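The block underneath contains the structure these notes are about, expressed in C-alpha cells.
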Amino acid sequence: MQTIDSYNFSGKKAIIRVDFNVPLNDQFEITDDTRIRAALPTIKKVLEGNGSVILMSHLGRPKGVDEKFSLKHIVSHLSAKLGVDVKFADDCIGESAKTMAAELKEGEVLLLENLRFYGEEKAGDEAFAKKLADLADLWINDAFGTAHRAHASTAVIAKFFPEDKMFGYVMEGELSSVDKVLKDSKRPLTAIMGGAKVSSKIDIIKTLMPKVDHLIIGGGMTYTFVKSMGGNIGNSLVEDDKLDIAREILKEAEENNVKLHLAVDALVADDFSNDANTKVCNVSEIPADWMGLDVAEETIKNFKKVIEESETILWNGPVGVFEMDTFAKGTKAIADAIVTATEKGAFSLIGGGDSVAAINKYNLADKVSYVSTGGGALLEYIEGKELPGVAAIRG
Ligand SMILES: Nc1ncnc2c1ncn2[C@@H]1O[C@H](COP(=O)(O)OP(=O)(O)O)[C@@H](O)[C@H]1O
Ligand SMILES: O=C(OP(=O)(O)O)[C@H](O)COP(=O)(O)O
C-alpha cells in the first residue's frame, strides 16, 4: 500500500478529496475553519514533493447548482492559509476543469467547484468518478468527515487508481487516534457521552460498553435515564420511547463491570433561555415546570475526578446547553478536566460536532491529544462499521 510519506510526487498531479464542508455565515464567511486547517499538511506535503494539487470537496447538501453552496467562498481563506494563490474551476468536471488541471504546474493548487452540484456524486456514478480521475495521476483520500459516504469522489474513484491511491494525514491521524482509544488504550479508559438525545447515541454506547472502564453520561440524555429509574425530571428533555433502552444500558453496564456515572444534581431553569430563572436541585427531584439544562457542582466534582484519573478519554457531546453561557459551566469543566488529564499524560480524543465546537469555544483544542474532524464518520468508525472511504484505500 502506498503512503503519503513514501510516495514520489515529483511532476505528478494529485487529486485530493478533502472535507471542506465548513460552516458559513450569511455573509459567506467561514465561522470555523478547523477542517481547512486540518487539510493543510497533506496539501503541503504534495507541493513540497514538487507535485501539484487538485482539491475536490462537497459543501452542504445542495439540490443541483446553487451559489450559496459554492466553494468559491473559501478560496481566499484557503489561499491565505496555504500561502499559495489557489485557482478555482467553477465546474468540477467539463472542459474548463480539464484545461485548468492540464495547465497546472508544480507547486500550484486548483480547487474544483462543489462536487454535489452533480447528483452523480452522491449516486456514486462511475462515469462521473472517471471524469474526476482523468484530471490527475493519483488520488489521495483525506476527507475523514465524509469517509462514511460511498460517493463518487470518496470511494468509487479508487478503481481508477489501483496503484496510486493513499490516505492523507487527516485520515491517517483520525484512524490511528481511534485505534489508540479502542485497541491499544492505556487504562482506565473513560468515555464521556453527552448531547441531546439517547436515540442518536445508543449504538455508540453499546459498542463502547465492553471496552470502557468508565462511562460518563451527561447532557439531555440524563433525564431519560433518571426517569427510567423512577426519578422526577419536571420539564426536562426526555425520550419516553427510550426508557427501556436506558434501563438496558444501565443493566449492561453492570454486567460489563463498567462504572456508569450519571449526574446527581442539575442546574434547572424555568425556561429554555439564557435569562431564565435557575436553581440547583437533586437530579431526580426536579420540580414540575423546571428543566435540567446543565450539571451542577456535585456532579462536576464527580465527573472531574473520574476524568482526571483516566489514561484514555473519549468525549462526544456537551453535558449541558453550552451554547447559552448560563448552562455552559459543566461542559467547560469537562473540557478543563480533559486538559488536566492530557497534561498528566493521558490520550484524549474529542469528536462530534458540538463537543468540538465547545473545545474550540474555550480555545483548548491545542491542549488535548486529538480533535476529530468527523461527526457521523467518527461515530460509525467507533461503532466498528466499515467506512467506504477507508475501504477504498485499504481494499
Ligand atoms: N440538558 C440538556 N437539555 C437539552 N439539550 C441539551 C442538554 N444538554 C446538552 N444539550 C444539547 O445537545 C446538543 C448537542 O447534541 P448532539 O448533537 O447529540 O452532540 P454532538 O454534536 O456533540 O454529537 C447541544 O446543542 C446541546 O445544547
Ligand atoms: O459534515 C459532515 O458530516 P458531520 O455533520 O457528521 O460531521 C460531512 O461533511 C458529511 O456531510 P454529509 O452528512 O452531508 O454527507
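Select, from Ala191, Ala196, the only residue that is closer than 26 Å to Met291 by Cα, in the same structural domain as Val371 (by TED's automatic domain parsing), in a strand (DSSP E or B) and small (Gly, Ala, Ser).
Exactly one of Ala191, Ala196 is closer than 26 Å to Met291 by Cα, in the same structural domain as Val371 (by TED's automatic domain parsing), in a strand (DSSP E or B) and small (Gly, Ala, Ser), namely Ala191.
Let's see how each residue does on (1) assigned by TED's automatic domain parsing to the domain that holds Ala377; (2) on the phi > 0 side of the Ramachandran plot; (3) within 16 Å of ligand 2 (Cβ to nearest atom); (4) surrounded by fewer than 21 Cβ atoms within 10 Å (Cβ to Cβ):
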| site | (1), (2), (3), (4) |
| --- | --- |
| Ala129 | no, no, no, no |
| Asp134 | no, no, no, yes |
| Trp139 | no, no, no, no |
| Asp142 | no, no, yes, no |
| Ala147 | no, no, yes, no |
| His151 | no, no, yes, no |
| Ala155 | no, no, yes, no |
| Lys159 | no, no, no, yes |
| Pro162 | no, no, no, yes |
Taking region 183-210 and the residues there that are charged (D, E, K, R) and modelled with pLDDT under 95, the one that is farthest from ligand 2 (Cβ to nearest atom) would be Asp184
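Find the residue count for region 1-34, including only residues that are assigned to a loop (DSSP other than H, G, I, E, B), among the hydrophobic types (A, V, I, L, M, F, W, C), open to solvent by 40 Å² or more (accessible area, probe 1.4 Å) and assigned by TED's automatic domain parsing to the domain that holds Leu82. Explain how you work it out, then say what you get.
Of region 1-34, the ones assigned to a loop (DSSP other than H, G, I, E, B) are 1-12, 18-23, 25-29, 31-33.
When the remaining residues are screened for being among the hydrophobic types (A, V, I, L, M, F, W, C), the result is 1, 4, 9, 18, 20, 22, 28.
Going one step further and asking which of them are open to solvent by 40 Å² or more (accessible area, probe 1.4 Å), we end up with 1, 28.
When the remaining residues are screened for being assigned by TED's automatic domain parsing to the domain that holds Leu82, the result is 28.
Residues in region 1-34 being assigned to a loop (DSSP other than H, G, I, E, B), among the hydrophobic types (A, V, I, L, M, F, W, C), open to solvent by 40 Å² or more (accessible area, probe 1.4 Å) and assigned by TED's automatic domain parsing to the domain that holds Leu82: 1 in total.
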Suppose we filter Lys98, Lys105, Lys131, Lys72 for residues that are without any contact (Cβ under 8 Å) to a residue 60 or more places away in the chain, more than 23 Å from the chain's Cα centre (by Cα) and in a loop (DSSP other than H, G, I, E, B); which single one remains?
Lys105
Note on region 284-325: residues of a type in the set (S, T, N, Q) and either more than 16 Å from Asp265 (Cβ to Cβ) or not assigned by TED's automatic domain parsing to the domain that holds Thr373 (or both) are Ser310, Thr312, Asn316
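Can you name every one of the helices (runs of 4 or more DSSP H) wholly within region 337-395 that holds 2 or more residues which are among the small types (Gly, Ala, Ser) and open to solvent by less than 10 Å² (accessible area, probe 1.4 Å)? Give the derivation first.
Details: elements: 353-361, 376-382, 388-394.
In region 337-395, 353-361 are the helices (runs of 4 or more DSSP H) which contain 2 or more residues that are among the small types (Gly, Ala, Ser) and open to solvent by less than 10 Å² (accessible area, probe 1.4 Å).
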Out of region 90-149, which residues are of a type in the set (S, T, N, Q) and under 21 Å from Leu59 (Cα atoms)?
Ser96, Asn114, Asn141, Thr146
Between a residue in region 332-354 that is outside the structural domain of Ile216 (by TED's automatic domain parsing) and any residue that is small (Gly, Ala, Ser), which pairs come within a Cβ distance under 6 Å, given they are 6 or more apart or on different chains?
none
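Residues that are open to solvent by 50 Å² or more (accessible area, probe 1.4 Å) and over 22 Å from Gly195 (Cβ atoms), at least 1 per element: which strands (runs of 3 or more DSSP E) completely within region 236-305 meet that?
Those strands (runs of 3 or more DSSP E) span 278-282.
Going by the structure shown, is Ala358 within 13 Å of ligand 1 (Cβ to nearest atom), closer than 24 Å to Gly376 by Cα and modelled with pLDDT of 95 or more?
Numbers: within 13 Å of ligand 1 (Cβ to nearest atom): yes; closer than 24 Å to Gly376 by Cα: yes; modelled with pLDDT of 95 or more: no.
In short, no.
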Of the residues in region 199-222, those that are assigned to a helix (DSSP H, G or I) and open to solvent by less than 10 Å² (accessible area, probe 1.4 Å) come to Ile204, Ile205, Leu208, Met221, Thr222
Is it true that some residue in region 250-270 is on the phi > 0 side of the Ramachandran plot, touching a residue at least 12 places away in the same chain (Cβ under 8 Å) and over 27 Å from the mean Cα position of the chain (by Cα)?
no
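If you take the residues in region 188-223 that are closer than 17 Å to Ala253 by Cα and charged (D, E, K, R), which one is farthest from ligand 1 (Cβ to nearest atom)?
So the first thing to find is which residues in region 188-223 are closer than 17 Å to Ala253 by Cα, and the list is 188-194, 198, 201-218, 221-222.
Checking the rest, the ones that are also charged (D, E, K, R) come to 201, 203, 206, 211, 213.
Working: Lys201: 7, Asp203: 12, Lys206: 16, Lys211: 19, Asp213: 22 Å.
Within region 188-223, the match that is farthest from ligand 1 (Cβ to nearest atom) is Asp213.
The values are calculated or read from the model by the stated rules, or taken from the named source; none is laboratory data. Quantities reported herein were computed from a predicted structural model and do not represent experimental measurements. Glycine also receives a Cβ, built like all others from the backbone with ideal geometry; neighbour counts cover every protein chain displayed. Keep in mind that these areas ignore ligands, DNA and RNA; they rest on the heavy atoms of the full protein, side chains included. Shrake-Rupley method; radii C 1.70, N 1.55, O 1.52, S 1.80 Å.
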